[in-house]
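Here the structure is laid out as structure tokens; the discussion comes afterwards.
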Amino acid sequence: MFLLNNNKKIFIFFTAIVMQLSVQNTKAQSSPIEARNTVYADFASRGAVYSVNYDRVFSQGKKISISFRAGISVLSNVVAVPLGIQFFTGKDASHIELSLTVEPYIEKYQDLFSGNNLSDKKMYIMPGAGYRYQQPGGGFFAKLVVGPIIYLDPPSNDFWNMDPVVYAGVTAGAGVSF
């Protein structure tokens, strides 16, 4: 591990945290979240500047609850699809959140399925930690997550030859839980 560069060390560190949290025992939480569905707008400092997302709490435990996220962002010549998993803990409406989001990002997506395919495919990987406000019974939802953003831009002729670049990143979201 000492021979790895800093980008790979950061990625391995956050992957280990997510794996550790995913094996936690899941039983009933002290104040269960009844409103398990959330629709929200998310804004990021890198990648898709905005996205519209659906979040679903699918597991609640005594200490940790888990949700997944799927979203879409369409700009003039870019389409992105953020997909993620969130681990969060806390009581009532305040939660600490650890998340991992993977965002396929395609520039010139209109050419994706054409014969001359000039689209440029990229990937953003965003592990993060932050604050989540979600009332158990539903209503206003907000979150703020900070962490590294790993940017992968493979050359068009060799997809697996990627040199990751790491940026500091922030994402913020607001919406409604029901």
Convert each backbone phi in region 128-144 into a coupling constant with the Karplus relation 6.51 cos²θ - 1.76 cosθ + 1.60 (shift: θ = phi - 60°), then list the ³J(HN,Hα) values in order as whole Hz, x for Gly and Pro. x, 9, x, 10, 10, 10, 9, 6, x, x, x, x, 4, 10, 8, 8, 9
If one computes the Cα centroid of region 119-178 and of region 36-60, what distance in Å separates the two points? 9
Could you run the Karplus curve 6.51 cos²θ - 1.76 cosθ + 1.60 with θ = phi - 60° over region 68-79 and give me ³J(HN,Hα) per residue in whole Hz, x for Gly and Pro? 10, 9, 9, x, 8, 9, 10, 10, 4, 9, 10, 10
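Read-outs throughout are calculated quantities, based only on the coordinates presented, and are distinct from any laboratory measurement. Since the structure is predicted, the reported quantities are computational estimates derived from the model, not experimental observations.
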